[in-house]
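*Asks:* My questions all concern the structure below.
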Amino acid sequence: MFVKFPQGATERTDKDAAAEVLYDVVIVGAGIAGSIIAAQLSEAGKRVLILEAGPAEDLTLRGYESYLDRFYSSTSKDNQAPYPASLAAPMPRGTDTRRIAPGAPDTSAYLVQSGPLASDTTYTRVLGGTTMHWEGKTPRMLPDDFRMRTLYGEGVDWPLSYEDLAPYYAEAERVIGVSADVEDQSFLGITFDERYVYPMKGLPLSYLDRMVAKDVDGMPVELDGEQTRLRVRPFPQGRNGIPNPAYDGGNGFVPQGAVSTYQVEVGERCQGNNNCVPICPVQAKYHAGKTLTVALESGRVDLIAQAVAYRVHVDPETGRVQEIEYRRYKRPDSKAFTTVRARGRLYVLATNAVENPRLMLASGLRGSSGLMGRNFMDHAYLLTWGLLPEVAGTFRGTNCTGGISDLRGGRFRRNQAAFAVDIHNDGWGWSRGAPMTDLLDLVDNGGRYGESLRQGLVDRVSHQLLLAFMVEVPASPSNRITVDPSYTDRLGNMRPILTYAIPDYTMRGVAYARQLSKRIFARLGAEDHTDYDPNFWGYATYEGQGYEIRGGNHLAGTHMMGSDPSTSVVDADQRSWDHQNLFLVGGGSFPTVGTSNITLTIAALCRRSARAMLTQLDREQAPVQLATAGAPSHREEAGR
Amino acid sequence: MTAPSLDDFVALSVDLTAFGETDLLGTGLGSPYLAKLRGACGDAVVTALFAAHQAARAESAGDPDGFDRALRYRIFSDDCLGPVARNVIKLWYAGTWYGLPPEWTDSYGAQSAAQTSTVTAASYQEGLLWRAIGANPPGAKAPGFGSWAEPPRIDDRYLKGARR
Ligand SMILES: Cc1cc2nc3c(=O)[nH]c(=O)nc-3n(C[C@H](O)[C@H](O)[C@H](O)COP(=O)(O)OP(=O)(O)OC[C@H]3O[C@@H](n4cnc5c(N)ncnc54)[C@H](O)[C@@H]3O)c2cc1C
Ligand code: SF4
């Protein structure tokens, strides 16, 4: 089934008229977090305004195809390649990352990095947000992840338990349309309702996964006195597979197809393009545009694109948010903008864990706990790579179909970080730019051409195995997002500054991951080609060994939730302790990241928060008087 | 001087890539690639490259080892023709024209089209690299749901491997 994008929906809202409306809810950011909340509130009859920093027009198929063309024609196929760079709403790009010299922050790109460790972590500021771009793994968090302080004396406990979140996980799996099988996903305490099945059946493991599984399944591991056996297991995926007829008590599931203005043939099952990051050409992969479309179809959601939130204005007496001031730019390349305001009964910041605290701090709202922007978390990725003895057919399938999840939990977490392991179907692409780098090396340095080149490519590329260890990073107050008026973007918005170091707890997990990878390669009879370059921007040493650490794109922790206002920024509903009509939603609310890719949990939390918003709206139903006289709602300004 | 011909270009490309004439012409990119080559190196260099290829053929008279040596002597080790021939291989395999090294442009002149660039959006999708490894170009020519669970379609003669 294709999803019809309401024609003209990105242009139908007049910003000046909207400035005179008191919406039920104003949402900043049309990523998955903002879109889920918009869809749920509008379904309940509420009027919603969404402000989105990225350019409009992107959800029609034409807009989507322009992403594809940009991707095919660009010589650099990095993960932001399909998306237009905008100076008005810039975004970090992995290729910008530089090694940071001590005491000299790297200010060359939008994300200012003061180190000590540089990160290539990124996000996308377009309609639909970073899910346009994500890979689409959708694991649930482990029950233990919510109680790390109690169980292991590390990190912070959540004010919610796995059981509290479980029904919302199921809702999130429906919204995203997850393909997985309960049998594969019930481990380390993850439980499901008795008759639960995922909306769609699990995607098959790749030939490469199976080759690894042949030798790795059953491999014994002993850690902190506990015995585990490894097993290659499929990941749950936010991409369309075969609908499970047993879903929803036997009612089945209708997959969401492509978003388009007209009937199209794409958007059905995943076809194995191996291009999920940065863009799925057929929209088999979920992106938030699918949910945003549902919201817009309600007729109760207004969307203003090219609208960059500039400042949150707060009533100094009550602490309540009065309005959000935003800058509407005319064209992505122009400096001119208009200042406009947006008003609602409730406000939701859904701009992600870097941009949410950036906006709050730029508005002078540091939070009574002083924690706004602190405890930035991400996953630390350690890559290890080798060549398998047989042709494994690398470079086929989705970016990743299977991996090892058995060391995501265990008693060892009192000493060292846990991790999940991905088997990458795209070989050494991530670590060494394969297969292009192999081609260039064989031709330019190997003297290969003709038959010897074809043989060389099979030998070098089709045997590749890359294991990506996604290691948890605990909250640390010194890892943080800040702002500084001397660093602004073209529209005058203060840019985010990231201060980041990897805690020893994580580095112990990293060191163990490297050891384990050597054992795995030995068991596979694979040649280990892992080699960490001391000049790499993310090079970090621990106990005399050096490692290349990469960013995880799993931004979290910067407005942590808790049950005590003095040690957290939001409550379990993601409501700001300081500003009762303001919700800060997304990964920023997480007290721990565990070893799950974070987006399913973001979606579950947002489903839950939307309920809390509806309750609050009902409670605060007293009519609000708008001042109609006085200052005009907007004024024209020239940019700088 | 007559303009370099598509036939000569394809004959050279078959030997450089080990893909057949029908495979190469089937991409629809023979003419655009020849145009790219001429734009980047100039006709004098292109003509010399084709001539060297034909001379290598004539000289080795069907003996594969002799032909390999002749190509190495006449083309791959030549300061002017070597980098250009390697670029032709990369063009067919990757769909990208890579900028020639500075020492080449210093000696033989920088033409207007010498920078790294793609030829058309289709050239990436038609890259021979993907066919050589039995995969589809990421983002295009999708092989179908579940195809990734099957063994790769790589010609048997490459499966043994020269690696071990
Ligand atoms: C390469 C890559 C792979 C990934 N793979 C996975 C994966 O496999 N599994 C997983 O769970 N997660 C994955 N992620 C992470 C996932 O994409 C994010 O967690 C998720 O998209 C976050 O959603 P969000 O709605 O909170 O924020 P975003 O998606 O970042 O959306 C924020 C929105 O707010 C807008 N915005 C920002 N600033 C402003 C402003 N000032 N005013 C107005 N609007 C603004 C942005 O334009 C954007 O639309 C991946 C990310 C990347 C980059
Ligand atoms: S493998 Fe391809 S079709 Fe499947 S989700 Fe990824 S890009 Fe889309």
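The values are calculated or read from the model by the stated rules, or taken from the named source; none is laboratory data. Not measured: the values here are computed from a predicted model. Methodologically, a virtual Cβ is constructed for each residue, glycine included, from the backbone with ideal geometry; neighbour enumeration extends over all protein chains shown. Protein only, heavy atoms only, side chains kept; ligands, DNA and RNA dropped before computing areas. Shrake-Rupley method; radii C 1.70, N 1.55, O 1.52, S 1.80 Å.
*Asks:* Given axes a ≥ b ≥ c from the Cα gyration tensor, I'd like to know whether the range A:14-619 is rounded (a/c under 1.5), prolate (a/b larger than b/c) or oblate. Before the final figure, lay out each step's value.
*Replies:* Details: a/c = 1.42, a/b = 1.39, b/c = 1.02.
Rounded.
*Asks:* Can I ask one more? Using the Cα gyration tensor of the range A:368-496, with a ≥ b ≥ c the square roots of its eigenvalues, what is the shape: rounded (a/c below 1.5), prolate (a/b larger than b/c) or oblate (neither)? Kindly include the intermediate steps, with their values, before the conclusion.
*Replies:* Working: a/c = 3.83, a/b = 1.66, b/c = 2.30.
It is oblate, given that a/c is not under 1.5 and a/b is not larger than b/c.
*Asks:* Using +1 at the C-beta of Lys and Arg and -1 at the C-beta of Asp and Glu, which of A:136, A:148, A:126 has the Cα lying farthest in the positive direction of the dipole of the range A:125-165?
*Replies:* Result: A:126, furthest along the dipole toward the positive end.
*Asks:* Now for a separate question. Can you tell me how chain B classifies by the Cα gyration tensor, rounded, prolate or oblate, using a/c under 1.5 as the rounded cut?
*Replies:* Note, shape of chain B comes out oblate.
*Asks:* Another one. How big is the charge dipole of the range A:177-269 about its Cα centre, in debye rounded to the nearest 20, if each Lys and Arg gets +1 on its Cβ and each Asp and Glu gets -1 on its Cβ?
*Replies:* Working: 9 positive and 14 negative charges, 63 e Å.
Dipole about the Cα centre, nearest 20: 300 debye.
*Asks:* Ok, one more. Net charge near residue A:523: determine it from the other residues with C-beta under 11 Å of the C-beta of residue A:523, scoring Lys and Arg +1 and Asp and Glu -1. Can you show the working numbers first?
*Replies:* Values: positive: A:214, A:518, A:519; negative: A:215, A:217.
Here the charged neighbours net out to +1.
*Asks:* Sticking with this one: Leaving out same-chain residues fewer than 8 places away, which lysines sit with a Cα under 17 Å from that of residue B:36?
*Replies:* Of all the lysines, those that pass the test against residue B:36 - Cα under 17 Å, at least 8 places apart if same chain - are B:90.
*Asks:* With every protein chain in place, what's the accessible area of residue A:178 (1.4 Å probe, Å², nearest 10)?
*Replies:* Residue A:178 has an accessible surface of roughly 0 Å² with all protein chains in place.
*Asks:* Enumerate lysine pairs in the range A:14-619 that are 8 or more residues apart or on different chains, then count those whose Cα atoms are under 26 Å apart.
*Replies:* 18
*Asks:* Can you pull the mean other chain C-beta count within 10 Å for peptide A:100-110?
*Replies:* On the way: counts 0, 0, 0, 0, 0, 0, 0, 0, 0, 0, 0.
The per-residue average across the peptide is 0.
*Asks:* Follow-up question, since we're still on this one. Using a 10 Å cut-off on Cβ to Cβ distances, tally the other chain neighbours for every residue of A:434-444 and report the average as a whole number. Mind showing how you got there, number by number?
*Replies:* Working: counts 0, 9, 6, 0, 2, 10, 6, 0, 3, 10, 7.
The shielding value for this peptide is 5.
*Asks:* Moving to a separate point now. For chain B, with the dipole built from +1 on Lys and Arg beta-carbon atoms and -1 on Asp and Glu ones, taken about the Cα centre, which of B:152, B:121, B:12 lies farthest toward the positive end?
*Replies:* Result: B:152, furthest along the dipole toward the positive end.
*Asks:* Please list the non-local residues whose amide H lies under 5 Å from the amide H of residue A:353, H modeled 1.01 Å from N, same-chain partners needing a gap of 5 or more.
*Replies:* Here A:587, A:588 satisfy the definition.
*Asks:* While we're looking at this one, here's another question. Charges only on Cβ, +1 for Lys and Arg, -1 for Asp and Glu: so what's the dipole of the range A:14-619 about the Cα centre, in debye to the nearest 20? It would help to have the intermediate numbers written out before the result.
*Replies:* Working: 63 positive and 70 negative charges, 150 e Å.
Dipole about the Cα centre, nearest 20: 720 debye.
*Asks:* So what is the relative contact order for chain A, in percent, with contacts set as C-alpha pairs under 8 Å and at least six apart?
*Replies:* Details: 1556 pairs, mean separation 138.4, N = 640.
Dividing the mean separation by the residue count of chain A yields 22 percent.
*Asks:* Let me ask another. About the Cα centre, and with charges only on the beta carbon of Lys, Arg (+1) and Asp, Glu (-1), how big is the dipole of the range B:6-133? Nearest 20 debye, please. Write down the numbers at each step before the final one.
*Replies:* Numbers: 9 positive and 15 negative charges, 60 e Å.
That gives the range B:6-133 a dipole magnitude of about 280 debye.
*Asks:* Same structure, new question: Order the following by accessible area, largest value first: A:537, B:97. Probe radius 1.4 Å; ligands, DNA and RNA are ignored. Display every interim value, and only then the final one.
*Replies:* On the way: A:537 45, B:97 0 Å².
Solvent-accessible surface, decreasing: A:537, B:97.
*Asks:* Turning to a different aspect of this structure: Students often check this: by mean Cβ neighbours within 10 Å, which of A:401-408, B:39-46, B:82-89 ranks highest, and how do the rest follow? List each step's numbers first, then the result.
*Replies:* Details: A:401-408: 24.8, B:39-46: 18.9, B:82-89: 21.4.
Put in order of decreasing packing, that is A:401-408, B:82-89, B:39-46.
*Asks:* Evaluate peptide A:205-212: per residue, the Cβ atoms of other protein chains within 10 Å of its Cβ; return the mean as an integer.
*Replies:* Details: counts 2, 5, 6, 3, 2, 2, 1, 0.
Mean inter-chain Cβ contacts per residue within 10 Å come to 3.
*Asks:* Among A:41, A:386, A:310, which residue has its Cα positioned farthest towards the positive end of the charge dipole of the range A:14-619, with +1 placed on the Cβ of Lys and Arg, -1 on the Cβ of Asp and Glu, and the dipole taken about the Cα centre?
*Replies:* Going by the charge dipole, the pick is A:310.
*Asks:* Could you state the number of Å between the C-alpha centres of the range A:81-148 and the range A:445-516?
*Replies:* That distance is 11 Å.
*Asks:* Considering only DSSP beta bridges whose two residues both sit in the protein assembly as shown, what percent are antiparallel, to the nearest 5? Don't skip to the answer; put the middle values down first.
*Replies:* Details: 64 of 89 bridges.
Of those bridges, close to 70 percent are antiparallel.
*Asks:* Summing +1 for each Lys or Arg and -1 for each Asp or Glu, what net charge is found among the other residues whose Cβ lies under 11 Å from the Cβ of residue A:18?
*Replies:* Details: positive: A:12, A:15, A:47, A:328, A:341, A:343; negative: A:14, A:16, A:20, A:302.
Around residue A:18, the charge tally is +2.
*Asks:* Also, I was wondering about something else. Around residue A:172, with a cut-off of 12 angstrom between Cβ atoms, what is the net charge of the other residues, counting Lys and Arg +1 and Asp and Glu -1?
*Replies:* Local charge sum for residue A:172: +2.
*Asks:* In addition: Which far-off residues, 5 or more places away or on another chain, put their amide H under 5 Å from the one on residue A:307, with H placed in the peptide plane?
*Replies:* Under 5 Å from the amide H of residue A:307: A:52, A:53, A:54.
*Asks:* Where does each of A:510-521, A:600-611 land if you order them by average Cβ count within 10 Å, highest first?
*Replies:* Details: A:510-521: 18.8, A:600-611: 24.8.
Top of the packing list down: A:600-611, A:510-521.
*Asks:* Ignoring everything but the protein chains, give the 1.4 Å probe accessible area of residue A:211 in square angstrom, nearest 10.
*Replies:* So the heavy atoms of residue A:211 present about 20 Å² to solvent.
*Asks:* Rounded to the nearest 100 Å², what's the accessible area chains B and A bury against each other, both chains counted, probe 1.4 Å?
*Replies:* Values: alone 9570 and 23950 Å², together 29090 Å².
So the buried area, both faces added, is about 4400 Å².
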